[in-house]
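> For reference, the structure I am asking about is given below.
The values are calculated or read from the model by the stated rules, or taken from the named source; none is laboratory data. If you're wondering where the values come from, they're calculated on a predicted model, not measured in any experiment. Note that each Cβ is placed from the backbone with ideal geometry, even for glycine, and that neighbours are counted across all protein chains shown. The accessibility values were calculated without ligands, DNA or RNA, using every heavy atom of the protein model including side chains. Shrake-Rupley method; radii C 1.70, N 1.55, O 1.52, S 1.80 Å.
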Amino acid sequence: MAFRRRNKSYPFFSQEFLIQNHADIVFSLVIVILIGLMFETTAKTAILFIQPQYNVTTLSPEGEVTTYLYGWKDCATILFYFFITIILHAVVQEYLLDKVNRRLHLSKSKNTKFNESGQLCVFHFVSSVWSFYVLITEGYLLHPSSLWENYPHSHLRFQVKFFYLTQLAYWLHALPELYFQKVRKEEIPRQLQYICLYLLHISAAYLLNLTRVGLVLLFLQYLSELGFHIARLLYFTDENHQKMFDLWAVSFVFTRMTTLTLMFLSVGFGLARAENQGLDLEMGNFNTVLIRMIVLLLVCLTQSWLLWKFIRFQLRRWRELRHEQAVRKKRDSLGNHENGVLKAENGVSPRTKKLKSL
């Protein structure tokens, strides 16, 4: 891991060298891009990586309003913040999680899950607060009908577009981190599942101009996942802390039901009654029956799959608890039986013991 004290040096560009110094290498690339802003010949290229592109300025009664469209140049911006998230990941790992790990002395499997929950806990907290702030300032929570009215929502405010670009950058950075963090092989499929699901849903909301609905759903999802990772961190510090999992279970089911309700309300009914029906790529209008059905089907399948995994997890947990209680009762009953036998033997007279031995 970068930023750590290196007890051993490795050959340049070897596998161990890249893993150990990947954050330093990425930090050097970020510095090169920032230095490019200082020179006139490279400033136009460097600004592509740092600032969101495709800005459009319009006049309104309040004055000039700047909004943003999306295009292929967003890939450069996502790449820059992809580098930034790798650096922040290394900082959180080195200066927070590794210090806690040294005190807990966890096993390798628990250590991997602790690092995963620690990273995601920080990310979900920042993203849930950020998304809630955007929802409040944009007025989407106070006016739910704005989630589907005046579609397509192709002109985005700066904070909305920047939020989506950083979200894509974070979940893209999670893919190489599986290699950099040396995640165990049996853990990779599970992590790949939710990383790909996040990338699919966020990119679909961004490209189909469903950013308003996507913001609300991301806020609910991140808030629910924040509760789960906090519960798991508390469980690793002390296995008696299991009540937080019960609170997370309630929020998980509520999030699934709210997600399905919002999607059917906004996409199934709101967009279906909109006047601008039809596919128009120039205007960013994707309000067709086929696309609406695909979006609803994708969300329904994802939520059903998550609920199925949740039910299996709860059933397995319930069986384990019942097994532990049965073992504990059996152990207690055996202990009481042995104590009764000892008491009975202690109350027998020496003559009786002698007769029993004969």
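> For the chain, what is the calculated [θ] at 222 nm in deg cm²/dmol (nearest 500), taking -39500 (n - 2.57) for each run of four or more DSSP H residues and dividing by its residue count? The partial results should precede the final answer.
Working: 11 runs with 248 residues, N = 358.
Calculated from helices alone, the mean residue ellipticity at 222 nm is -24000 deg cm²/dmol.
> Explain nothing, just the number: relative contact order of the chain, from Cα pairs under 8 Å at least 6 residues apart, as a whole percent.
Computed value for the chain: 15 percent relative contact order.
> Which order, highest average first, do 126-135, 180-189 follow once you tally other Cβ atoms within 10 Å for each residue and take the mean per peptide?
Result, highest mean Cβ count within 10 Å first: 126-135, 180-189.
> When all protein chains stay in place, what accessible area (Å², nearest 10, 1.4 Å probe) is found for M38?
Its heavy atoms expose roughly 140 Å² to the probe.
> Can you compute the label reach from I19? Point 7 Å from Cα along the Cβ direction, backbone N cut-off under 17 Å, restricted to the stretch 175-199.
Flagged as within label range: 175-189.
> What's the ranking of 256-264, 146-154 by average number of surrounding C-beta atoms within 10 Å, highest first?
Going by the mean number of other Cβ atoms within 10 Å, highest first, we get 146-154, 256-264.
> Skipping prolines and chain starts, which residues have an amide H placed within reach, meaning under 5 Å, of the one on N285, given they are 5 or more residues away or on another chain?
Counting only residues 5 or more places away or on other chains, the set is D280.
> Once the Cβ-Cβ distance between C196 and A43 is put in as r, and R0 is 51 Å, what FRET efficiency do you end up with, to the nearest 0.05?
After rounding to 0.05, the efficiency reads 0.90.
> Just the accessible area per residue of the stretch 167-241, please: how many Å² with a 1.4 Å probe?
Per-residue accessible area for the stretch 167-241 comes out at 42 Å².
> For K73 and K309, FRET efficiency with R0 = 30 Å and r from the beta-carbon atoms, rounded to 0.05?
Efficiency at R0 = 30 Å is approximately 0.20.
> Further question: Subtract the Cα-Cα distance of F158 and I136 from 0.36 nm times their separation in residues, and report this length gain in nm to one decimal.
6.4 nm
> How many angstrom lie between the Cα centre of the stretch 84-100 and the Cα centre of the stretch 200-240?
What the calculation gives is 20 Å, centre to centre.
> Residue by residue through the stretch 35-47, what is 3J(HN,Hα) from phi via Karplus (6.51 cos²θ - 1.76 cosθ + 1.60, θ = phi - 60°)? Round to whole Hz and write x for glycine and proline.
Working through the residues one at a time gives 5, x, 5, 7, 10, 5, 5, 10, 5, 5, 6, 5, 5 Hz.
> Over 30 Å between Cα atoms: which of K185/K309; K108/K329; K185/K330; K110/K329; K110/K309 fall into that group?
K108/K329; K185/K330
> For helix 158-180, report the angle its Cα long axis makes with the longest principal axis of the Cα atoms of the chain; keep it between 0 and 90° and round to the nearest 10°.
Roughly 50 degrees between the two axes.
> For L265 and Q325, calculate 0.36 nm times their separation in residues minus their Cα-Cα distance, and state this gained length in nm to one decimal.
17.1 nm
> If you count, for each residue, the other Cβ atoms within 10 Å and average over each peptide, how do 210-221, 312-323 line up from highest to lowest? Please report the intermediate quantities before stating the final value.
Working: 210-221: 22.9, 312-323: 10.8.
Output ranking for 210-221, 312-323: 210-221, 312-323.
> Using a 1.4 Å probe and counting only protein heavy atoms, arrange V91, V30 so the residue with the most accessible area comes first.
V91, V30
> Another question, then. Could you state the angle between the C-alpha long axis of helix 289-347 and the longest principal axis of the C-alpha atoms of the chain, as a value from 0 to 90 degrees rounded to the nearest 10?
20
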